[in-house]
Amino acid sequence: MLILLPPSEGKSAARTGSPVRLEDLHFPELNDARRSVLAALKTASADHDAHAVLGVGASLVEDVQRNLVLDVAPAAPAHDVYAGVLYEALGYSRMTPVQKRRAREQCVVVSALWGALGFGDRIPAYRLSMAVDLPGTGRLASFWKKQLALPLAEHAGTGLIVDCRSSTYAAAWSPPPSQSAAVNVFQLRDGRRTVVSHFAKHTRGEFARHLLTRRGAAPATPSALLAAAREQWTADLEPATARKPAQLNIVLD
């Protein structure tokens with residue numbers, strides 16, 4: 001089983017430690033592309049309209065300035081750097097050693113800066129969204145889509161792919177529909193299903209944690225994934241089509 005995660009906008013910067021080493025990251029075949037994005041990000045972040053290019057508010061000046069020193073800034077494992085709602089719910093720090101090893105083996109983060117990362121890969125805090133049209137590389141979802149297909153397909157093999165990414169990051173790689181399931185979260189309001197971003201992120205994090213910490217074999221099919229989801233939530237499954245993966249729908253009362 002492979003669990004695909006998005007990064008978080010909010011990040012916890014390491015205070016000490018050595019800088020990132022591209023050769024130590026998973027998917028070394030992405031390193032040339034990573035260098036291109038790093039260089040383009042540094043140039044854009046030094047420009048007078050950096051906030052407009054990166055799509056962030058002026059209050060995030062410190063985040064943008066971090067982009068200028070990514071080659072020398074202290075790095076920490078991705079599971080510690082990413083600190084948003086999904087990662088708080090996933091709760092890596094609260095896992096047992098066996099569960100942590102499983103998380104490092106089975107979780108991959110799809111990133112606008114790094115392309116794809118192993119959960120334990122050491123990286124610095126940065127600010128960059130997959131939605132950005134970065135001068136020098138273009139729209140990042142399109143840029144990475146050309147780079148990620150082969151490495152992620154090889155990494156996934158024939159196992160089940162559980163896609164917990166948002167649509168912004170899902171655009172960077174489309175897993176084979178026959179072996180993947182996208183996780184959707186809905187909330188019931190007046191009997192109708194609605195999408196609420198905060199709850200979706202939180203529940204995807206809880207669901208990823210459930211898959212990594214539950215007893216028994218990891219789900220190998222979308223129907224087994226549905227059974228695992230129903231251990232804690234109300235859920236249904238839309239079967240895959242030739243072009244669209246299965247849709248696992250978790251419904252919050």
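Report yes if R66 is over 20 Å from K201 (Cα atoms) and modelled with pLDDT under 95, otherwise no.
Judged against the criteria, R66 is a match.
Which one of K201, K145 is touching a Leu at 6+ places or on another chain (Cβ under 6 Å) and open to solvent by 10 Å² or more (accessible area, probe 1.4 Å)?
Going through K201, K145 in turn, the sole match is K201.
Considering only region 21-78, give the helices (runs of 4 or more DSSP H) lying wholly within it that have at least 2 residues that are open to solvent by 60 Å² or more (accessible area, probe 1.4 Å).
In region 21-78, 31-46, 61-66 are the helices (runs of 4 or more DSSP H) which contain 2 or more residues that are open to solvent by 60 Å² or more (accessible area, probe 1.4 Å).
For region 224-241, which residues satisfy the criterion of being of a type in the set (A, V, I, L, M, F, W, C) and either assigned to a strand (DSSP E or B) or modelled with pLDDT under 95 (or both)?
A235, L237
The values are calculated or read from the model by the stated rules, or taken from the named source; none is laboratory data. Note that the structure is a prediction, hence the values are computed from the model and not measured. Because the Cβ atoms are built from the backbone with ideal geometry, glycine has one as well, and the counts that use them run over all protein chains shown. Heavy atoms of the whole protein, side chains included, go into the accessibility calculation; ligands, DNA and RNA do not. Shrake-Rupley method; radii C 1.70, N 1.55, O 1.52, S 1.80 Å.
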